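First, the structure itself, so that you have it in front of you.
The values are calculated or read from the model by the stated rules, or taken from the named source; none is laboratory data. Since this is a predicted model, take the numbers as computed values, not measurements. Every residue, glycine as well, gets a Cβ built from its backbone with ideal geometry; the counts of neighbours run over all protein chains shown. With ligands, DNA and RNA removed, areas are computed over all heavy atoms of the protein, side chains included. Shrake-Rupley method; radii C 1.70, N 1.55, O 1.52, S 1.80 Å.
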Amino acid sequence: MKVLVTGGAGFIASHIVDKLIEQEFEVICVDNLSSGKKENVNPKAVLYEEDITSTQLRDIFDVEKPDYVIHQAAQIDVQRSITDPNHDAYINIIGTINLLENCKNFGVKKLVYASSAAVYGNPNYDVVDELHPIAPLSPYGISKYVPEFYIKTYNHAFDLNYTILRYSNVYGIRQVVKGEGGVIAIFVDKLLKNEPLVVYGDGSQTRDFINVSDIAEANVQALHYGDNHVFNVSRNEKININELIGILSKIKGEPISPIYKPFRAGDILHSCLSNEKALSLLNWVPKVSLEEGLLKTINYYQKKEELIPLSY
Ligand SMILES: NC(=O)c1ccc[n+]([C@@H]2O[C@H](COP(=O)([O-])OP(=O)(O)OC[C@H]3O[C@@H](n4cnc5c(N)ncnc54)[C@H](O)[C@@H]3O)[C@@H](O)[C@H]2O)c1
């Protein structure tokens, strides 16, 4: 079975590609390398350096004829979506339509789409399930949601199966120091450079962090399960930024005093997603705790062989 993965040189998709290769899928990546890196791409996968908005995408589908498409490529920077909403919408909405047209024309069996907790905006109730109202706070939140409608329409009109996965805040190895949910990557980077951590707001804002390997696993499971459903993919664990800094302090073995700056427009105050539906229908369960995932991430960037122990 052949899977075309968009954004395959990026943070999340490169982990998906690794898991697919492990499971002996044939993998094709389409990535314009705007933020992704060639060295992230598994050597057993084929990389096409192409933009998802390009008409050349048709030629790739024509040559490769993928069975499945896992769509991860996107403009992921919330702040850039505010300063340049045209670009954000062009990549995230028009790019997805271009992909859908090719899925339709070349008989793809199923599309798995990376959506985001950003579509919900600030929660009306504590643990956000898939039925929570949609109220994005940024152009990015809008441009991740609009493709969900297109995907459902292509299912109704052309029988293209889909699974939509709305991720909470993803972190882990290969994450770059910008973009959505990048707070852990930014903090780890600053810690390793011995620079101060900056917190926007008072640090009481909460996030539901999930390790990238659990997200990759959910995508692979979505090839087999959850047809024509929308799922949150999260740990369903609320942690505030000050608590996160507390865990990092324990790993570092000394207190960390961040610099507090004013809250930024477009940022969500609280985010915790229910993962009940994914647990029951995707045959998936998150396996990596935040402490374990942070240790693995820090060790990776320190290029250590062994996990450093927590000091508590
Ligand atoms: N990181 C998170 O916490 C998070 C949370 C929710 C949803 N998501 C979604 O997950 C997906 C992957 O995000 P990521 O964090 O791995 O980001 P990333 O920037 O590391 O990966 C995106 C990849 O897409 C490529 N790309 C961007 N625009 C492209 C284009 N026009 N044509 C071809 N390739 C293009 C980039 O070069 C990059 O390799 C995105 O769809 C994002 O919206 C991420």
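Quick check: is even one residue across the stretch 227-242 hydrophobic (A, V, I, L, M, F, W, C), more than 16 Å from the ligand (Cβ to nearest atom) and under 14 Å from TYR113 (Cα atoms)?
Checked against the condition, which is being hydrophobic (A, V, I, L, M, F, W, C), more than 16 Å from the ligand (Cβ to nearest atom) and under 14 Å from TYR113 (Cα atoms), the stretch 227-242 yields no hits at all.
Just for the stretch 1-24: of the residues that are more than 7 Å from the ligand (Cβ to nearest atom) and part of a strand (DSSP E or B), which one is surrounded by the fewest Cβ atoms within 10 Å (Cβ to Cβ)?
Out of the qualifying residues, it is LYS2.
Among the residues of the stretch 58-82, count how many are within 12 Å of ASN98 (Cα to Cα) and within 9 Å of the ligand (Cβ to nearest atom).
Residues meeting the conditions: 1.
For the stretch 149-166, what are the residues that are of a type outside the set (A, V, I, L, M, F, W, C) and within 12 Å of the ligand (Cβ to nearest atom)? Write out each step before concluding.
First, the residues of the stretch 149-166 that are of a type outside the set (A, V, I, L, M, F, W, C): 150, 152-156, 159, 161-163, 166.
Residue satisfying the conditions is ARG166 alone.
Within the stretch 136-182, which residues are part of a helix (DSSP H, G or I), in contact with a strand residue (DSSP E or B) (Cβ under 9 Å, 6 or more places away or on another chain) and buried (at least 19 other Cβ atoms within 10 Å of the Cβ)?
If the condition is that a residue be part of a helix (DSSP H, G or I), in contact with a strand residue (DSSP E or B) (Cβ under 9 Å, 6 or more places away or on another chain) and buried (at least 19 other Cβ atoms within 10 Å of the Cβ), then TYR140, GLY141, LYS144, TYR145, PRO147, ILE151, TYR154 are the ones that fit.
Pairs only if they're at least six apart or on different chains, beta carbon under 9 angstrom, first in the stretch 25-50 and under 14 Å from VAL176 (Cα atoms) and free of Cβ contacts under 8 Å to residues at least 60 places away in the same chain, second near the ligand (Cβ under 9 Å from one of its atoms) and among the aromatic types (Phe, Trp, Tyr); list them, first residue then second.
Listed pairs, sorted by first residue: GLY36/PHE11.
Next up: For the stretch 204-215, check the following and say yes or no: at least one residue is in contact (Cβ under 8 Å) with a residue 24 or more places away in the chain, in a helix (DSSP H, G or I), hydroxyl-bearing (Ser, Thr, Tyr) and open to solvent by less than 50 Å² (accessible area, probe 1.4 Å).
yes
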